[in-house]
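**Student:** One structure coming up, written as structure tokens, with questions to follow.
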Amino acid sequence: MKKKPDTRRARQPVDLGTALVVAWKTSARVTEYLLDHLEATLWRAEPPGEKGRTIAAIFAHLHNVRHMLLVQAKARGIPPKLDRHRATAVEARAALSESADAIAAVLESAAGSDGRVPNYPPDAVAFLSAAVTHDAHHRGQIAMLARQLGHPLSPEAMLGMWEPGKRRTEALGGKAG
């Protein structure tokens, strides 16, 4: 009896540097996806209670913390900070895209060298973790604030933030990876 040839592809080892960059780009894309799915009327709506940031201010803060991480890492091509009182959704979207690309470049550089980010101990994984967890925390705040303001994200948009395969494909320009 003839043995059938094994047609499965051999699994290649994971390139951890590339995986770090793709993980960041996917997370950053989720943040942009959230911005894309918010009702425009929410941008400057005052949060309930006496304290708190507007959604506009939270998105500006997200970008400005990325700016701070990039300054700390002595990155090149750092996009300017956003004014939380004046930034439009279009300006925030562009700034978030620029800061996401700059952080990806820092991770690519670290992956191509010793795995470290200047002035950010201990390594690129810690840098990535700080950026991802900060974005994720504020995405939750934004979704909750939208609900409190009477304009919750649609169920499809909420689920869309949890579709990493789709967001990864979008982040990579339509290429699966």
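No lab work stands behind these numbers, since they all come straight from the coordinates. The model shown is predicted, which means the values in this text are computed figures rather than measured ones. As a convention, Cβ positions derive from the backbone with ideal geometry for all residues, glycine included, and neighbour counts pool all protein chains shown.
**Student:** Out of all the residues in region 1-56, which are among the charged types (D, E, K, R) and more than 20 Å from the chain's Cα centre (by Cα)?
**Tutor:** The answer is LYS2, LYS3, LYS4, ASP6, ARG8, ARG9, ARG11, ASP15, ARG44, GLU46, GLU50, LYS51.
Residue-wise test of (1) surrounded by 17 or more Cβ atoms within 10 Å (Cβ to Cβ); (2) in contact with a Ser or Thr (Cβ under 7 Å, 6 or more places away or on another chain); (3) assigned to a helix (DSSP H, G or I).
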| site | (1), (2), (3) |
| --- | --- |
| ALA60 | yes, no, yes |
| LYS74 | no, no, no |
| LEU82 | yes, no, no |
| GLU91 | no, no, yes |
| SER97 | no, no, yes |
| ALA102 | yes, no, yes |
| GLU108 | no, no, yes |
| ASP114 | no, no, no |
| PRO122 | no, no, no |
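**Student:** Same structure again: Consider SER27 against the criteria (1) surrounded by fewer than 19 Cβ atoms within 10 Å (Cβ to Cβ); (2) part of a helix (DSSP H, G or I): it satisfies all of them except one. Which criterion is unmet?
**Tutor:** (1)
**Student:** Counting just the residues of region 132-174 that are touching a residue at least 60 places away in the same chain (Cβ under 8 Å) and of a type in the set (S, T, N, Q), which one comes out nearest to ALA19 (Cα to Cα)? Break it down into steps so the answer makes sense when it comes.
**Tutor:** We begin by selecting, within region 132-174, every residue touching a residue at least 60 places away in the same chain (Cβ under 8 Å); these are 132, 134-136, 138-139, 141-143, 145-146, 148-149, 151, 153-154, 157, 160-161, 164, 167-168, 170-172.
Cutting the leftovers down to of a type in the set (S, T, N, Q) gives us 141, 148, 154.
Details: GLN141: 27, GLN148: 36, SER154: 30 Å.
Per the criteria, the residue is GLN141.
**Student:** What is the number of the single condition among (1) crowded, with 16+ Cβ neighbours inside 10 Å; (2) among the basic types (Lys, Arg); (3) assigned to a loop (DSSP other than H, G, I, E, B); (4) touching a Ser or Thr at 6+ places or on another chain (Cβ under 9 Å) that ARG53 does not meet?
**Tutor:** (4)
**Student:** I need the full set of residues from region 107-131 which are in contact (Cβ under 8 Å) with a residue 12 or more places away in the chain, out of contact with any strand residue (DSSP E or B) (no Cβ under 6 Å at 6 or more places or on another chain) and farther than 14 Å from THR18 by Cβ, in order please.
**Tutor:** Selection gives VAL117, PRO118, ASN119, TYR120, ASP123, ALA130, ALA131.
**Student:** Identify the single condition in (1) touching a Ser or Thr at 6+ places or on another chain (Cβ under 7 Å); (2) within 26 Å of GLU156 (Cβ to Cβ) that ALA40 does not satisfy, given that it satisfies every other one.
**Tutor:** (1)
**Student:** In the set HIS138, HIS151, which member is in a loop (DSSP other than H, G, I, E, B) and under 19 Å from GLU46 (Cβ atoms)?
**Tutor:** Checking each option against the conditions leaves just HIS151.
**Student:** I'm trying to understand the selection: among the residues of region 123-177, which are within 17 Å of the chain's Cα centre (by Cα) and among the charged types (D, E, K, R)?
**Tutor:** Across region 123-177, the qualifying residues are ASP135, ARG139, GLU163, LYS166, ARG167, ARG168, GLU170.
**Student:** A further question follows. Can you tell me which of ALA23, ALA73, ALA28 is touching a Phe, Trp or Tyr at 6+ places or on another chain (Cβ under 6 Å) and within 17 Å of THR133 (Cβ to Cβ)? Give the steps one after another, and end with the answer.
**Tutor:** Working: ALA23 fails: touching a Phe, Trp or Tyr at 6+ places or on another chain (Cβ under 6 Å); ALA28 fails: touching a Phe, Trp or Tyr at 6+ places or on another chain (Cβ under 6 Å).
Unique residue meeting the criteria: ALA73.
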